[in-house]
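The values are calculated or read from the model by the stated rules, or taken from the named source; none is laboratory data. None of these values were measured; they are calculated from a predicted model. For neighbour counting, all protein chains shown are included, and Cβ atoms are generated from backbone atoms with ideal geometry for every residue, glycine included.
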Amino acid sequence: MKIGLVGEAPSDTTAIKNLLSRRYPGFDFVTLLDRIHGSMLDNKKAISRLLRIEYEDQQPSIVIFIRDLDALENDRAAKRRRQLVFSSSNRIVNRAGIHLLNIFELEALILADIATFNNYYHTEVAEFADPMIVPMPKEILKNATIGINQFNESHNPFLFSLLNLDVLIERCRYFAAFIRKFDRLIVTI
């Protein structure tokens, strides 16, 4: 089964590919729109034509739309903005999409398995009871590391290949909900 990934490429899309390919080893994860980044993903004009072309060319069974909410879970206005963009993009891919909305940012998943981060960077960041209530997780990770080994978003693809998927599902509600939806979706295809 081919799974398309749309998000900030290559850091977010490759990170999610590295994470999910361990749970779904027979799936082929491909990045769509690898030339469009960040807020450009909100621009309907910029992505609609390109997304349609890449979707028709790659013909994935499912498209995962990876976005950061850039807000906390209770920010309804931010959620609504992201949902509108997802709905518009999902129509372009014939409603074959599923939304992976990271609260606050993708790096919240690293906070959910902070032991892996601590082991890799030789840090002692305390465990978070709920990584979804932590604003600016990227800054926490950067501030916990220093010098040439300072955390950077470009490290995400490698770090996500180390993260414990079971820990993420247990400790991060939005990711657990995504995995449940994804598992239900793949059995219907």
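Exactly one residue among 86, 104 is among the hydrophobic types (A, V, I, L, M, F, W, C), out of contact with any Ser or Thr (no Cβ under 8 Å at 6 or more places or on another chain) and closer than 23 Å to residue 166 by Cα, and that residue is 104.
Residue by residue, here is whether (1) closer than 23 Å to residue 188 by Cβ; (2) of a type outside the set (Val, Ile, Thr); (3) modelled with pLDDT of 95 or more holds:
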| position | (1), (2), (3) |
| --- | --- |
| 41 | no, yes, no |
| 44 | no, yes, no |
| 56 | yes, yes, yes |
| 64 | yes, no, yes |
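With respect to being of a type in the set (Val, Ile, Thr) and assigned to a helix (DSSP H, G or I), residue 116 fits the description.
To keep it simple, each residue is scored yes or no on (1) small (Gly, Ala, Ser); (2) touching a residue at least 12 places away in the same chain (Cβ under 8 Å).
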{"residue": "5", "(1), (2)": "no, yes"}
{"residue": "9", "(1), (2)": "yes, yes"}
{"residue": "38", "(1), (2)": "yes, yes"}
{"residue": "49", "(1), (2)": "no, no"}
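On the basis of being farther than 20 Å from residue 10 by Cβ and within 16 Å of the chain's Cα centre (by Cα), does residue 114 make the cut? Step through it out loud before you land on a result.
Working: farther than 20 Å from residue 10 by Cβ: yes; within 16 Å of the chain's Cα centre (by Cα): no.
In short, no.
With respect to the conditions (1) crowded, with 19+ Cβ neighbours inside 10 Å; (2) outside any strand (DSSP E or B); (3) under 15 Å from the mean Cα position of the chain (by Cα), residue 65 falls short on a single one, namely (2). Look through the stretch 78-125, keep the residues that are among the charged types (D, E, K, R) and in contact (Cβ under 8 Å) with a residue 40 or more places away in the chain, and return whichever of them is farthest from residue 153 (Cα to Cα). Out of the qualifying residues, it is 113. Of everything in the stretch 140-158 that is at pLDDT 95 or above and within 13 Å of the chain's Cα centre (by Cα), the residue that is farthest from residue 19 (Cα to Cα) is 156. For the stretch 2-20, the set of residues classified as part of a helix (DSSP H, G or I), closer than 19 Å to residue 154 by Cβ and of a type outside the set (Val, Ile, Thr) consists of 11, 12, 15, 17, 18, 19, listed by residue number. Tell me which residues, restricted to the stretch 51-76, are more than 22 Å from residue 21 (Cα to Cα) and either in contact (Cβ under 8 Å) with a residue 60 or more places away in the chain or of a type outside the set (D, E, K, R) (or both). Those that are more than 22 Å from residue 21 (Cα to Cα) and either in contact (Cβ under 8 Å) with a residue 60 or more places away in the chain or of a type outside the set (D, E, K, R) (or both): 51, 53, 69, 71, 72, 73, 74.
Within the stretch 12-29, the set of residues being surrounded by 14 or more Cβ atoms within 10 Å (Cβ to Cβ), small (Gly, Ala, Ser) and more than 9 Å from the chain's Cα centre (by Cα) comprises 21 only. Filtered by the rule that a residue be without any contact (Cβ under 8 Å) to a residue 24 or more places away in the chain and either part of a helix (DSSP H, G or I) or farther than 19 Å from residue 175 by Cβ (or both), the stretch 126-143 gives 126, 139, 142, 143.
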